[in-house]
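**Q** Mind having a look at this structure? Questions to follow.
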Amino acid sequence: MKKVGLLIVGLGMVVMSYGAQQDTTRTDIRRSTISGAIEYSYNKSWGHFANADVQALLPVNRYVELNVNFQACFKNVYTVGVVVRPKVVLPYGELFFDTEVLYKAVMRANQMDLVTALSLGYRFDYASVQIGSYARFMSFYSRNWHSDEAYQCEPFNLLYRIEVYCRPQSCNWNVGVAFANFDDFQFERMWQPLFALNGRYDIDEHWRVHLDATCKPTGMFHLNAAFYGATVKAGFTYRF
Amino acid sequence: MKNIKYQLSIINLLLLLAITACNPNYDMPGMFNGSSERADKRLAESLDYDKKVGEIHLTVPEDYTVYVCTDTHVDSTTHNWEKFVKLYKADGACPFALHLGDLINAKGNFGRFFNAAKVAPAGYVSGKDTIFYVVGNHDLYFNQWPEYKSFVGTSTYWFDTRTADGTLLDLYICLDSGEGTLGVDGLKWLSDILQEKAEKKYRHIIVFTHTHMFKQDDSQGHTSNYSMEETYEIASLLTKYGVAEYWSGHDHSREITTYGKVKYIVVDALEDPVEEAFFMKVRMGKNIEHEFVDIKD
């Protein structure tokens, strides 16, 4: 058993070292970026709709990054998320600790949805894994504070994300597949996974375009899965 | 010693995974593509059936009791389910009972389920055989919808209760959430029926289905529910149209929460041979009172 374990660790190290050798442009501090995107989306509850996204990545120093994400959904839903990300650069890859607050104003349903999340992640050239926990608070905006009306709190939800890339991050294009129950603008229930295919191409030193597709099935863990929704996102990123 | 324990725990985990994957009671391909008809098709077939049966108005006293059970998961035994039906039939204050889904555990058990309780399988109202059923995910996977339909007829319907002089009392709406969504048409049907019935000034409106909306304790520990978008929409509709309570099962453990103006109740499982199996006794009057009864008592 011990030998098998050592073999797995050894193979992992070989793969990681190969990835690290390919990444000749790795720096401890990532560059500040600003991104804009539009999304076409469909789900069974809201029908067809579009979203507009604006996102910014602001590395504070070599140990802390800040992400700010905003999305306006044409179905009258607005989302803002802030991620503070302490990180440690390792010989192979990077360990990060995401602390996130995501606020969703679901105006069409007169509700707010606030998520606070903590997670630990590790990423290197070919993969990124993240696991943690989040708490959800939901309330109606029209809540009568002098009645039995109550807010909803789901204190412990698992969050997870696994993304695998086909090329090292230093390459000028890359494609990744992800399996997760959250993304920049939503936190789904533990048993409500999202499947994503993400692609990017660096036009030059500053400009990057990306094209992402996400599929959300429902009832997977009812063992009776059905298509629920999908999103296609196209956008650009400017790297300072 | 420590190594042996570690190895044993790894072996146990692998065995558990292997048993789960090979368990004939689980429709594993259904995890990626459900085998039954989709929600919208089931809704259309259910509404056709409802049309044939006609509207259901139950005559009841102003104060009455409803027995509610869920997740009997009938497989080789039917003890708890039989006892539940016996108790319901013996209670003179209880004009009807509800089963919130997962009648059976897996394929081939509907016959056993209905034979054991000696209740009429199809047609809603039949004296003390008046039990309303909800389709659960276990009743659907392995392409069981045709069989479920042959026994129960419908998965989406409504009925109401009235006094002998015709005064409207309570409205009950049954939803099909067996695949974790009501579907496009199911959500629209719920919206339409609530809008139409809200004008009639019912005393209480109850929505009952299989899938729970929220889970506060050990959130979603082992059961899946609706996507967030659908959760917002259903919660909004229920609050907007004055639904009093939403009764569900699926999670197997009890939970009573309030969100907005609506009370959300997850009823305990009644399956054999669970140590703590409960059903819910609801006293419908001016107020709604709940009691959870241990089936062993």
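The values are calculated or read from the model by the stated rules, or taken from the named source; none is laboratory data. Quick caveat, the model's predicted, so the values are computed rather than measured. Please note: Cβ atoms are built from the backbone with ideal geometry, for glycine as well, and neighbour counts cover all protein chains shown.
**Q** Taking B:Ser224 as meeting all but one of (1) among the small types (Gly, Ala, Ser); (2) more than 9 Å from chain A (Cβ to nearest Cβ); (3) buried (at least 22 other Cβ atoms within 10 Å of the Cβ); (4) farther than 14 Å from B:Val267 by Cα, write down the number of the exception.
**A** Among (1) among the small types (Gly, Ala, Ser); (2) more than 9 Å from chain A (Cβ to nearest Cβ); (3) buried (at least 22 other Cβ atoms within 10 Å of the Cβ); (4) farther than 14 Å from B:Val267 by Cα, the lone unmet condition for B:Ser224 is (2).
**Q** Sticking with this one: Return yes or no: is A:Tyr78 more than 14 Å from every other protein chain (Cβ to nearest Cβ) and in contact with a helix residue (DSSP H, G or I) (Cβ under 8 Å, 6 or more places away or on another chain)?
**A** So A:Tyr78 fails the test.
**Q** Tell me yes or no: at least one residue of the range B:70-80 is in a loop (DSSP other than H, G, I, E, B), within 14 Å of chain A (Cβ to nearest Cβ) and surrounded by 16 or more Cβ atoms within 10 Å (Cβ to Cβ).
**A** Scanning the range B:70-80, I find at least one residue that is in a loop (DSSP other than H, G, I, E, B), within 14 Å of chain A (Cβ to nearest Cβ) and surrounded by 16 or more Cβ atoms within 10 Å (Cβ to Cβ), so the answer is yes.
**Q** Follow-up. Would you please name the residue that is farthest from the other protein chains (Cβ to nearest Cβ), looking only at residues in the range B:111-135 that are touching a Ser or Thr at 6+ places or on another chain (Cβ under 8 Å) and at pLDDT 90 or above?
**A** For the range B:111-135, the residue satisfying everything is B:Arg112.
**Q** Select from the range A:134-154 the residues that are without any contact (Cβ under 8 Å) to a residue 40 or more places away in the chain and surrounded by 17 or more Cβ atoms within 10 Å (Cβ to Cβ) and list them in ascending order.
**A** Within the range A:134-154, A:Met138, A:Ser139, A:Phe140, A:Arg143, A:Glu149, A:Gln152, A:Glu154 qualify.
**Q** Which numbered condition trips up A:Thr79, out of (1) polar (S, T, N, Q); (2) in contact (Cβ under 8 Å) with a residue 60 or more places away in the chain; (3) in contact with a Gly (Cβ under 7 Å, 6 or more places away or on another chain)?
**A** Evaluating A:Thr79 over (1) polar (S, T, N, Q); (2) in contact (Cβ under 8 Å) with a residue 60 or more places away in the chain; (3) in contact with a Gly (Cβ under 7 Å, 6 or more places away or on another chain) leaves (3) as the failure.
**Q** Restricted to the range B:247-259, and to residues that are surrounded by fewer than 24 Cβ atoms within 10 Å (Cβ to Cβ) and of a type outside the set (A, V, I, L, M), which residue is nearest to A:Met112 (Cα to Cα)?
**A** B:Thr258
**Q** Can you find, within the range B:35-55, the residue that is farthest from the other protein chains (Cβ to nearest Cβ) among those that are assigned to a loop (DSSP other than H, G, I, E, B) and of a type in the set (Asp, Glu)?
**A** Checked the range B:35-55; the qualifying residue farthest from the other protein chains (Cβ to nearest Cβ) is B:Glu55.
**Q** Ok, one more. Mind listing whichever residues of the range A:63-87 are in a strand (DSSP E or B) and closer than 18 Å to A:Leu120 by Cα?
**A** Selection gives A:Val64, A:Glu65, A:Leu66, A:Asn67, A:Gly81, A:Val82, A:Val83, A:Val84, A:Arg85, A:Pro86, A:Lys87.
**Q** OK, next. Working carefully through the options A:Thr237, A:Thr214, A:Thr218, find the one that is closer than 18 Å to A:Asp53 by Cβ and within 14 Å of chain B (Cβ to nearest Cβ).
**A** Criteria check complete, one pass: A:Thr214.
**Q** Working only within the range A:139-150, note down all residues that are more than 7 Å from chain B (Cβ to nearest Cβ) and of a type in the set (Phe, Trp, Tyr).
**A** A:Tyr141, A:Trp145
**Q** A further question on this structure: Does the range A:196-239 hold any residues that are among the acidic types (Asp, Glu) and closer than 26 Å to B:Asp176 by Cα, and which are they?
**A** The answer is none; no residue qualifies.
**Q** Kindly list, by first and then second residue, each pair from a residue in the range B:20-36 that is closer than 20 Å to B:Asp75 by Cα to a residue that is modelled with pLDDT under 75 and surrounded by fewer than 16 Cβ atoms within 10 Å (Cβ to Cβ), limited to pairs with Cβ atoms under 8 Å and residues at least 6 apart or on different chains.
**A** B:Tyr26/B:Thr20; B:Met28/B:Ala21
**Q** May I ask you to say which residue of A:Met190, A:Met220 is in contact (Cβ under 8 Å) with a residue 12 or more places away in the chain, under 30 Å from B:Tyr226 (Cβ atoms), surrounded by 17 or more Cβ atoms within 10 Å (Cβ to Cβ) and touching a Leu at 6+ places or on another chain (Cβ under 9 Å)?
**A** None of the other options fit; the residue is A:Met190.
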